[in-house]
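The values are calculated or read from the model by the stated rules, or taken from the named source; none is laboratory data. The model shown is predicted, which means the values in this text are computed figures rather than measured ones. Cβ sites come from the backbone with ideal geometry, for glycine too, and all protein chains shown count toward neighbours. SASA here: full protein model, heavy atoms, side chains in, ligands and nucleic acids out. Shrake-Rupley method; radii C 1.70, N 1.55, O 1.52, S 1.80 Å.
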Amino acid sequence: MKEVINCNHSSNKREILYWIHFALFTISNLNFSFVSYVRATILVMYLFVFVYMKVKRTEFELPSKYILILFGVYILLNTLFVKTISVHIIYLAVTFMIIKEFRFSKSELLALINKTAIVYFVLSVILGYTSLNALSVFGPRQIENKFFPHLLFRFIGIEGTPAGADIFFLVVLLSNIFLNKAKNKYIFITLSIIVLLWTSSLAPVVSIIGALLILPFTKNKVAKITYSGMLWLYQFIVIIMYGFGSLQLQNVLNVCSTWRARIWFNMYWGLIEHNTTALWVLGRKDLVEFSHRTDTIINNPHNFSLFLLQFGGIIAYIIIIVVATMYFKDMNDKYMIYVVSALLIYASTNTFIFTIRGNPIFVYILVLYLSSGKEPKLE
């Protein structure tokens, strides 16, 4: 099989950019007052790379002019009426355009995933289980393990929570089972199983089960478009069902969504209460606050799609869904389709994995797999 590699960007240059991002991601999850500047640095870095690639590479591919015009109008209106710049939306747009030009091969990306797994695990242990745990974003934490209660606390990742570590090591596990032909795969498989049991998260289980639904239809573009749309929009169906459903149905929805349905419902009504028409269309400056329990106010929607809707408004949200779905329908590799589906399902319970504060490995996997559809099949 042909190996899809961009000869104008050596592996070293691509990896340098990735590891700088990973280092900044780690710093941004430490308990320092300047983390907002670190995240701004991530965005500035990608904007600089974007300008550099556009100037230096004539073959650098931009989205269609209609998408660019619509996105430009959105940025202008957002700046004029909401008085802000959608940092999270710009980050997604710029990283997508840059990373898809790198065209890592499957083997190169597998190597990057495995190297990240080792570095991530070591840093997590240092930040969570040594005297340096005070540097973690949430400080020292002990969360009871669901699989081994009273025996073990849950594994805390770089992000200061089991969320993020759980889905990452699920990807490490799948990647090494299906892609790694070397003997070292057993090291990464064993490490992944240990971490997954240690995190004791149910969300990755829901993700891999939900992703199975698309496998019989990977050659059917209509089915892939429908499935992709549902991955981005199904939480609204859950919100409607939760609002009109009985207590028994609400409990079922909570269990199936790993107790996120109630949060989505409360967040939606928080938006109804606080959003103006302009904020619905163009996005907000900040996440809306809403009641989680009787005595708790939070602003985390625990859902990447609802996060984008708040910061990007309906315009940016529709652009993202359409672009992602068009790339999804062109994907040919069953494994890639499965992993992207699992990541997007997991993102419905986790706000941050694809955002500027998330582990960059997720954005690299998502973009490189999504953009693989029109290329020769990877080795």
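Springs between Cα atoms under 10 Å define the GNM used for the chain, and in it the highest mean-square fluctuation of ILE89, ILE240, ILE356 occurs at ILE240. Close amide H partners of HIS292, meaning residues 5 or more places away or on another chain with modelled amide H under 5 Å apart, are ILE297, ILE298. Using just the helices of the chain, give the 222 nm mean residue ellipticity in deg cm²/dmol: DSSP H runs with n ≥ 4 each add -39,500 (n - 2.57), and the total is spread over all residues, rounded to 500. Result for the chain, helices only: -20500 deg cm²/dmol. Excluding ligands, DNA and RNA, the accessible surface per residue across the chain is 47 Å² with a 1.4 Å probe. The alpha carbon centroids of the stretch 86-125 and the stretch 139-168 are separated by 23 Å. Farthest toward the positive end of the dipole of the chain, out of ASN114, SER207, GLY283, is the Cα of ASN114, where the dipole comes from beta carbon charges about the Cα centre.
Roughly how many percent of the accessible protein surface of the stretch 169-234 is carbon and sulfur, given a 1.4 Å probe and a whole-percent answer? That share works out to 79 percent. Across the accessible surface of the stretch 235-379, with the other protein chains kept in place and a 1.4 Å probe, carbon and sulfur atoms take up 63 percent. Taking 0.36 nm per residue of separation and subtracting the current Cα-Cα distance, fully stretching the chain between HIS150 and LEU212 would add 19.0 nm. In the stretch 209-303, which trypsin sites (Lys or Arg not before Pro) fall in coil by DSSP and have 15 or fewer other Cβ atoms within 10 Å? Passing sites in the stretch 209-303 are LYS219, LYS285.
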